[in-house]
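Chemist: For reference, the structure I am asking about is given below.
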Amino acid sequence: MPDDAGRGRRPAGGGVVWPSAKARYALQAATLLAMAYPHNAVKTRELAGAASIPARFLSKILGELRRAGIVTARRGYHGGYALTRPPCDITVAELLAAVGAVDVFATARDTTHAPIPLIDRLRDDLEARACATLHSSSLESLAAPRAIPS
């Protein structure tokens, strides 16, 4: 059986699972909507272009965010998508759950080897910290400009 690591994939039990393209695109689009909040609705085409997201894929993501009550859609010349509430009230965890990326930073458990308590504790700590960070981070914090260190 070929080794998955040789094809660019992580082997089973290989560590932290990083966000999918869908999760990254949802975060990018929501961050742009947060920067436009509350004054401007943003069209799908503008969001897709600004974040380099395929428009059809973005439309599906925005539909999921609309069904979750995170964004609203308005038709017409002045239409587009906008957040339904202030960016400070929308957590990253809520956004990821809306697009089905609930376990975005869950750590993989190695079932091929005997458990090592120290490693298990470290993995559980990492997962708990990632979860706490996702629940305490808002779209506002993602949209805020950061100072570039000199």
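Chemist: In nm, what is the difference between 0.36 nm times the number of residues separating His135 and Thr91 and their Cα-Cα distance?
Modeler: Gain in length upon complete extension: 15.3 nm.
Chemist: Now for a separate question. Sorted from fewest to most neighbouring beta carbons within 10 Å, what does the list Arg121, Arg66 look like?
Modeler: Going from sparsest to densest Cβ surroundings: Arg121, Arg66.
Throughout, read-outs are computed from the coordinates displayed, never taken from laboratory work. Keep in mind that what you see is a predicted model, and the values were worked out from it rather than measured. Cβ coordinates were reconstructed from backbone atoms using ideal geometry, including for glycine residues, and neighbour counts include every protein chain displayed.
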